[in-house]
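A.B. asks: Please see the structure below; I have some questions.
The values are calculated or read from the model by the stated rules, or taken from the named source; none is laboratory data. Bear in mind that the values here come from a model prediction, so they are computed numbers and not experimental data. Because the Cβ atoms are built from the backbone with ideal geometry, glycine has one as well, and the counts that use them run over all protein chains shown.
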Amino acid sequence: MFSFSCDDFVDINADPNNPTVPQLNLLLPSTQLSIVGSFDQVNRGASAVVQHRGSGSLNRYDQTGSTFQNTWFGYYTSALPDLNTMIKTGTAQQAWGYVSIAKIQKAFLFGMMVDLWGDIPYFEAGQSPDPAFDDGAVIYEDLLALIDEALLDMEKSFIVSSSADFFYQGSKEKWQKMANSLKLKLYLQSRKDNPTRSAREIAALIQEGNLINSNEDNFTFLFGTNTAPNSRHPWYTEGYAPGRDGYVSMVVVDRLKAQDDPRLRYYIFRLNENSGVGNSSVGEGYYGRYPGDGTSSPADNNTRAIVGIYPSGGVYDNGRIPSLPSTNEYLTNEGAVTGTTSNSFKSVLFAQGDGTGAGIQPLLTHAMVKFYRAEAALTLETGEDAGLLMKEAVRAQMEEINGVSPAFPLSANLIDSFTDELVAEFSSVGPEGQLKLVMTQKWIAMYGNGVESYNDFRRTGLPQLEDLMAPLDLFPERLFYSDNELNTNETVVQIREELQRNQQITPVFWRK
C-alpha cells in the first residue's frame, strides 16, 4: 500500500487564524495522494487477474469482501469527500482552477470505480449514510457532463499553485489535454454500448487534437526515494523488503522472451541466476509462478525473481540469459555480465545498491491514448492508421521506461527497429490479427497498470490469457464490494449476498 497518509500530509483545519475554511492549495495534493495511495490495492488485484503478476488471491480468481475494502474505504471517505469540498469551496471562492481539477479528478476516479465495481453509490455518495447504488451507465453519462463542466470552468480563470499540483504543477494546458483524453477513454470503454456515438465523439476529439500527445503530458504519479515518511513505489517497498512480495508472472517472462522484447530486463530482476520455476536449482533466474498456482511458498525469498526498474524504481537486470537464441536482435546478451547480482546490487551506479523506489504509476498516458486511438480505428472506423498509432504507443512507453532508467536506456535505434518490425507484422495480418496485435502490445506496455489491462480484456477478450492451474472461482467480471458497505448500507443489506455473488459473474454495463 502506498505509504503516504493524507492525515500526515495535510490538515485542512491547521490554520489557527481560519480553522473552519478548507484551504484549496492543501486539499488538492491531499486528493492526489488519496487517489494514488488507494489505487495500489485494486492495481495488484487486477494485475493478478490479467497475469501481470504471478500471485495474489485474484491470480486464482478468488476474492472476498475484504479484498478491496481499503480502496473502497479510501476513496469514499478520503478522496471523494475532499474532491466535493474542493468543488463546493472553490465555486464559492470562484477559484475555477481548483474547481476544474477537482471535477476532472472526480470523473477519473468514478470512471475507474464504475469500470471495476459496476453499479456504485454516486449521486448520494457523501450525502446520505445509506447512499443508493446507481447504474454504471448513468454514472458514465454524468461523468462526461462533469468533464465538460470542468473544461468550461477553466475558461473562466485558472490559477493553481504549482507546488500543490503533483500531477501537472498547475498547468492549464496539460489539464485540458488530460480532460479530453479522459473523455476519449470513456467513449472507447463504452463503445459497444453505443458504437455510433462513440465513433462520432472520438473522431471529434481526434479532430480537435487537444489530447495527451507526449510523455510530458502524462497523467502519471512520480514516487520519491524517502523512507521516512515512505514515498517510494509500493511495488518496490514490498518487493525489495526481506520478505519479498509475491511472485513475478512467468507469462510475462515467456511472452517477452518469445517476442524478443528488451523490456524483460526492465520489468523483472533475477536474484539468483540458477533458480528456476518451483524453486528448482536448475534455471536461469526467472523464478516466478504461472497463473493459478496455489502451492505454498517455500523458503525462497533469496531466489525469487522480483520487480525490476520499471515501473517500481528497482534494479535493471543486465545478467546473462543463457536461453536467448543467437537470432535475437533486441533481447540479447550483448554487454551482459555473468551473475545478475554482480551487475546490479553491487553496481556503483546505484548509491543504495538495490535501486531507489523512485518509480512511477501510469494512470492516463500518451501511450494509452495512442492505443485507444488504434483500437478505435480498428473497431469504430475512425479513419486513422492503427498500425502507425500502435508504433507510436509502444515508442512512447519505451521512452517512458528510459525516464525511469536513465543509466540503462533503450537506444533510439533499437526503439525504431523494434517498432518498425511491429508495423511490418501488423501489415501482414488481417483485421482480426491486427486487433490482437494491438491489444497484445498494449498488455505488454501496461505492465504496472493492471486495471487498464483488466478493462481491455473484458472489453475485447484480448490478449489471450493462459489457463489457470487451479482456479478457485470463475473469471471475475467485477471486483467484490466492501463487506463493510454491504453490511451497513440499508439500501442493499437485505440482498448483500446475491449482490456480492453477482460481482463475480455479471459483466459491467459496457461489456457486450
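A.B. asks: Counting only residues that are buried (at least 22 other Cβ atoms within 10 Å of the Cβ) and of a type outside the set (A, V, I, L, M, F, W, C), which one in region 247-261 is farthest from VAL49 (Cα to Cα)?
C.D. replies: Within region 247-261, the match that is farthest from VAL49 (Cα to Cα) is TYR247.
A.B. asks: Please specify each residue of region 35-56 satisfying the condition of being closer than 25 Å to VAL493 by Cβ and either outside any loop (DSSP other than H, G, I, E, B) or β-branched (Val, Ile, Thr) (or both). Show your work before the answer.
C.D. replies: Residues of region 35-56 closer than 25 Å to VAL493 by Cβ: 38, 41-42, 45.
Passing the criteria: GLN41, VAL42, GLY45.
A.B. asks: Quick check, is GLY285 more than 23 Å from the chain's Cα centre (by Cα), under 21 Å from PRO311 (Cβ atoms) and either surrounded by fewer than 20 Cβ atoms within 10 Å (Cβ to Cβ) or of a type outside the set (A, V, I, L, M) (or both)? Before the answer, list the steps.
C.D. replies: Values: more than 23 Å from the chain's Cα centre (by Cα): yes; under 21 Å from PRO311 (Cβ atoms): yes; either surrounded by fewer than 20 Cβ atoms within 10 Å (Cβ to Cβ) or of a type outside the set (A, V, I, L, M) (or both): yes.
So GLY285 passes the test.
A.B. asks: Quick test of your reading of the structure: THR85 fulfils all but one of (1) among the polar types (S, T, N, Q); (2) more than 23 Å from the chain's Cα centre (by Cα); (3) under 26 Å from ASN502 (Cα atoms). Name the failing condition by number.
C.D. replies: Unmet condition: (3).
A.B. asks: Among the residues of region 232-260, count how many are within 21 Å of the chain's Cα centre (by Cα) and of a type in the set (Asp, Glu).
C.D. replies: Result for region 232-260: 2.
A.B. asks: If you check SER281 against the conditions, is it in contact (Cβ under 8 Å) with a residue 60 or more places away in the chain, over 30 Å from GLY224 (Cα atoms) and among the small types (Gly, Ala, Ser)? First the steps, then the outcome.
C.D. replies: On the way: in contact (Cβ under 8 Å) with a residue 60 or more places away in the chain: no; over 30 Å from GLY224 (Cα atoms): yes; among the small types (Gly, Ala, Ser): yes.
No; evaluated as a whole, the condition is false for this residue.
A.B. asks: Would you pick out the residues in region 406-458 that are at pLDDT below 95 and either in contact with a Ser or Thr (Cβ under 9 Å, 6 or more places away or on another chain) or among the β-branched types (Val, Ile, Thr) (or both)? Spell out the reasoning first.
C.D. replies: Within region 406-458, the subset at pLDDT below 95 is 406-408.
Hit for region 406-458 is ALA407, nothing else.
A.B. asks: Next up: Looking at region 469-489, I want the residues that are closer than 22 Å to THR295 by Cβ and have a partner that is basic (Lys, Arg) and assigned to a helix (DSSP H, G or I) with Cβ atoms under 6 Å, at least 6 apart or on another chain. Which pairs are those?
C.D. replies: Note: pairs meeting the criteria are PRO471/ARG60; LEU472/ARG60.
A.B. asks: Further question: If I ask for residues that are touching a strand residue (DSSP E or B) at 6+ places or on another chain (Cβ under 6 Å) and either free of Cβ contacts under 8 Å to residues at least 60 places away in the same chain or in a loop (DSSP other than H, G, I, E, B) (or both), which ones from region 293-312 would you list? Walk me through how you get there before you give the answer.
C.D. replies: Residues of region 293-312 touching a strand residue (DSSP E or B) at 6+ places or on another chain (Cβ under 6 Å): 305-306, 308, 311.
Correct list: ALA305, GLY308, PRO311.
A.B. asks: Applying the selection to region 457-501, what residues are assigned to a helix (DSSP H, G or I) and surrounded by 15 or more Cβ atoms within 10 Å (Cβ to Cβ)? Even if it seems obvious, please write down each step before you answer.
C.D. replies: Going through region 457-501, the residues assigned to a helix (DSSP H, G or I) turn out to be 457-460, 483-488, 493-501.
Selection gives PHE457, ARG458, ARG459, THR460, ASP483, GLU485, LEU486, ARG496, LEU499, GLN500.
A.B. asks: For the subset of region 250-271 comprising residues that are among the β-branched types (Val, Ile, Thr) and part of a helix (DSSP H, G or I), which member is farthest from ASP317 (Cα to Cα)? Give the steps one after another, and end with the answer.
C.D. replies: Taking region 250-271 first, the residues among the β-branched types (Val, Ile, Thr) are 251-253, 268.
Retained after the next criterion (residues that are part of a helix (DSSP H, G or I)): 251-253.
Details: VAL251: 18, VAL252: 15, VAL253: 13 Å.
Only one residue fits best here, namely VAL251.
A.B. asks: Can you list the helices (runs of 4 or more DSSP H) found entirely within region 65-179 that contain at least 1 residues being under 21 Å from ASN213 (Cα atoms)?
C.D. replies: Numbers: elements: 69-74, 80-93, 96-117, 136-156.
It comes to 96-117, 136-156.
A.B. asks: Right, next: When you scan region 268-282, do you find a residue that is surrounded by 21 or more Cβ atoms within 10 Å (Cβ to Cβ), out of contact with any Ser or Thr (no Cβ under 8 Å at 6 or more places or on another chain) and closer than 30 Å to VAL423 by Cα, even just one?
C.D. replies: Yes, there is a match, as at least one residue in region 268-282 is surrounded by 21 or more Cβ atoms within 10 Å (Cβ to Cβ), out of contact with any Ser or Thr (no Cβ under 8 Å at 6 or more places or on another chain) and closer than 30 Å to VAL423 by Cα.
A.B. asks: Every residue in region 473-512 that is among the charged types (D, E, K, R) and touching a Pro at 6+ places or on another chain (Cβ under 7 Å), please.
C.D. replies: Initial filter on region 473-512 (among the charged types (D, E, K, R)): 473, 477-478, 483, 485, 490, 496-498, 501, 511-512.
Across region 473-512, the qualifying residue is only GLU477.
A.B. asks: Do you know which of the residues in region 406-456 that are in a loop (DSSP other than H, G, I, E, B) and free of Cβ contacts under 8 Å to residues at least 40 places away in the same chain is surrounded by the most Cβ atoms within 10 Å (Cβ to Cβ)? Even if it seems obvious, please write down each step before you answer.
C.D. replies: First, pick out the residues of region 406-456 that are in a loop (DSSP other than H, G, I, E, B): 406-411, 428-430, 446-449.
Next cut, free of Cβ contacts under 8 Å to residues at least 40 places away in the same chain only: 406, 409, 411, 428-430.
On the way: PRO406: 8, PRO409: 14, SER411: 11, SER428: 10, VAL429: 12, GLY430: 8.
Looking at residues that are in a loop (DSSP other than H, G, I, E, B) and free of Cβ contacts under 8 Å to residues at least 40 places away in the same chain, I get PRO409.
A.B. asks: Now for a different question. Is there any pair linking a residue in region 192-204 that is among the polar types (S, T, N, Q) and surrounded by 14 or more Cβ atoms within 10 Å (Cβ to Cβ) to one that is modelled with pLDDT of 95 or more and in a helix (DSSP H, G or I), with Cβ under 8 Å and at least six apart or on different chains, and which?
C.D. replies: Listed pairs, sorted by first residue: SER198/TYR187; SER198/LEU188; SER198/ALA376.
A.B. asks: For TYR290, are the conditions met, namely being in contact (Cβ under 8 Å) with a residue 40 or more places away in the chain, within 18 Å of the chain's Cα centre (by Cα), buried (at least 17 other Cβ atoms within 10 Å of the Cβ) and more than 17 Å from ASN43 (Cβ to Cβ)? Show your work before the answer.
C.D. replies: On the way: in contact (Cβ under 8 Å) with a residue 40 or more places away in the chain: yes; within 18 Å of the chain's Cα centre (by Cα): no; buried (at least 17 other Cβ atoms within 10 Å of the Cβ): yes; more than 17 Å from ASN43 (Cβ to Cβ): yes.
So TYR290 fails the test.
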